[in-house]
Amino acid sequence: MVNNRECGGIMDETGVIEQIEFEMVKEDLQHPFVTALHEVKYVIAVRVRIILKNGLVGLGSATPNDKVTGDTLESMSYVMKNVIKSKIIGLNITNWDCVLQIIRESIADNSPAKAAFEIALYDLRAQLFQMSLSRLLGGIPRNLYTDYTVSLAPLSEMVEESCELVKRGFNALKIKLGDHDFEEDVQLILDIAKVIPNAVSLRIDINQAWTVSETLSAVDTWTKHSANIDFIEQPVKADNYSGMRQITQCSKLPVMADESVHTFEDARELIANHACDLVNIKLMKTGGISQAERINQLCEMAGIQCMIGCMIESRESIAAAVAFATAHRNVKYVDLDSVFMSRSKRKGGFESEKNMLRVTEKAGLGF
């Protein structure tokens, strides 16, 4: 356990955290986002501003998700304002590893709150080095191509939305399943595959709603009909590692772990048990960039590629995820579509066009 005194010993005080401010974010979505776990109507987040003694300002944001990370807006806000803030105010970010460790150890769980502070600190660190966050992480500007998620709705509406998204320029669609009858879900994927170009790939997100036998049965049907599917994501409950292992061993399609992987330890156990082919990294699950990098490195060593994903998040955390993906070639898939779902016109952090995301060359996050 690191204490605050151990992080304050550098004489240069320009990197001292002098002030921390918070702002509530609420943005309307184009339409409700529905999964087998919940329904979301707004981008809800808490934006944090960390201000250094030298005047630099770092931005970060946290998005709660009671079904995935176990946070509510109220609990997350309390932790940010009354727990983490008091532990890092006055510290010098030039003692980098020490400050990050204090945030990680400040409280158990509460990963979105920790992620917001980490993102703001990485923003500041990149500004201190006068480079973009992408370059700080070792990346170079390059185009990323995100999928777009078709959330749960009446079956005909999901087919119609898939066609509209292809017309808008998306060449990968993530289809949410788990709310209709099993047979209807299976047929839905075949119906979508029939009406979109063969080059458009599908990514099937079941959000823990199926059994092992259902999953393998669906995979057999889809592969029999040669549907263009990149992977199936989190078909069974997050803690059902044996089920994930059985599906991974028997499935003709790659299996991605999402809710099963929050921490480095989760990833290590899944990999050791051969319980996934791919891993979905989300900064709100990992508690920020530092642990996301550890998970990605572990996956890369094991020959497992990753996807960078998101909740329904605000622009600061999406910008951090874009920078992360740009810097890590092991991130094969990008699922950062919430920026296209929001009605907000806010700019900064990255550029977007159709399905393309590209970091800016501005210092830090680019705001």
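The values are calculated or read from the model by the stated rules, or taken from the named source; none is laboratory data. Note that this is a predicted model, so its numbers are computed, not measured. Counting neighbours? That spans all protein chains shown, and the Cβs are built from the backbone with ideal geometry, glycine included. When the accessible area is computed, the model is the full protein with side chains, heavy atoms only, and any ligands, DNA or RNA have been set aside. Shrake-Rupley method; radii C 1.70, N 1.55, O 1.52, S 1.80 Å.
Residues in the range 148-174 that are closer than 13 Å to residue 33 by Cα, free of Cβ contacts under 8 Å to residues at least 60 places away in the same chain and either open to solvent by less than 10 Å² (accessible area, probe 1.4 Å) or in contact with a Gly (Cβ under 9 Å, 6 or more places away or on another chain) (or both): 2 in all. Within the range 114-136, is there a residue that is part of a loop (DSSP other than H, G, I, E, B), closer than 24 Å to residue 308 by Cα and either in contact with a helix residue (DSSP H, G or I) (Cβ under 9 Å, 6 or more places away or on another chain) or among the small types (Gly, Ala, Ser) (or both)? No, the range 114-136 contains no residue that is part of a loop (DSSP other than H, G, I, E, B), closer than 24 Å to residue 308 by Cα and either in contact with a helix residue (DSSP H, G or I) (Cβ under 9 Å, 6 or more places away or on another chain) or among the small types (Gly, Ala, Ser) (or both).
Is there a residue being within 30 Å of residue 213 (Cα to Cα), within 22 Å of the chain's Cα centre (by Cα), modelled with pLDDT of 95 or more and open to solvent by less than 10 Å² (accessible area, probe 1.4 Å) anywhere in the range 128-140? No: the range 128-140 contains no residue that is within 30 Å of residue 213 (Cα to Cα), within 22 Å of the chain's Cα centre (by Cα), modelled with pLDDT of 95 or more and open to solvent by less than 10 Å² (accessible area, probe 1.4 Å). One residue alone among 28, 66, 12, 71 is closer than 20 Å to residue 258 by Cβ, surrounded by fewer than 16 Cβ atoms within 10 Å (Cβ to Cβ) and among the acidic types (Asp, Glu), and that residue is 66. Among the candidates 196, 271, the residue that is touching a residue at least 24 places away in the same chain (Cβ under 8 Å) and under 30 Å from residue 66 (Cα atoms) is uniquely 271.
Would you mind stating whether residue 186 is among the hydrophobic types (A, V, I, L, M, F, W, C) and part of a helix (DSSP H, G or I)?
Details: among the hydrophobic types (A, V, I, L, M, F, W, C): yes; part of a helix (DSSP H, G or I): yes.
Taking the combined requirement at face value, the residue satisfies it.
If you take just the helices (runs of 4 or more DSSP H) that sit entirely in the range 255-367, which of them hold at least 1 residues that are in contact with an Asp or Glu (Cβ under 9 Å, 6 or more places away or on another chain) and either crowded, with 22+ Cβ neighbours inside 10 Å or on the phi < 0 side of the Ramachandran plot (or both)?
By residue number, 283-286, 289-301, 315-327, 338-341.
Among the conditions (1) open to solvent by 40 Å² or more (accessible area, probe 1.4 Å); (2) closer than 20 Å to residue 274 by Cα, the only one that residue 199 does not satisfy is (2). Here the range 74-106 is the region considered, the condition is being of a type in the set (S, T, N, Q) and in a helix (DSSP H, G or I), and the residue that is least open to solvent (accessible area, probe 1.4 Å) is 77.
All conditions in (1) under 20 Å from residue 104 (Cβ atoms); (2) open to solvent by 10 Å² or more (accessible area, probe 1.4 Å); (3) assigned to a strand (DSSP E or B) hold for residue 60, with the sole exception of (2). The criterion of being more than 20 Å from the chain's Cα centre (by Cα), open to solvent by 30 Å² or more (accessible area, probe 1.4 Å) and modelled with pLDDT under 95 holds for residue 179.
Among residues of the range 31-57 being in contact (Cβ under 8 Å) with a residue 12 or more places away in the chain and within 21 Å of residue 260 (Cα to Cα), the one that is least open to solvent (accessible area, probe 1.4 Å) is 35.
Checked against (1) out of contact with any Phe, Trp or Tyr (no Cβ under 6 Å at 6 or more places or on another chain); (2) of a type outside the set (Val, Ile, Thr); (3) part of a loop (DSSP other than H, G, I, E, B); (4) surrounded by 16 or more Cβ atoms within 10 Å (Cβ to Cβ), residue 109 passes all but condition (4). For the range 10-68, a residue qualifies if it is farther than 27 Å from residue 237 by Cβ, modelled with pLDDT under 90 and under 19 Å from the mean Cα position of the chain (by Cα), but none of them does.
Collect the residues in the range 26-41 that are closer than 12 Å to residue 64 by Cβ and assigned to a strand (DSSP E or B), keeping them in residue-number order. Quick ask: steps written out before the conclusion?
Going residue by residue through the range 26-41, those that are closer than 12 Å to residue 64 by Cβ are 38, 40.
The answer is 40, and nothing else.
Is there a residue being in a loop (DSSP other than H, G, I, E, B) and open to solvent by less than 40 Å² (accessible area, probe 1.4 Å) anywhere in the range 213-226? Checked the range 213-226: no residue is in a loop (DSSP other than H, G, I, E, B) and open to solvent by less than 40 Å² (accessible area, probe 1.4 Å).
Checking each residue in the range 227-242 for being farther than 23 Å from residue 146 by Cα and open to solvent by less than 20 Å² (accessible area, probe 1.4 Å) picks out only 236.
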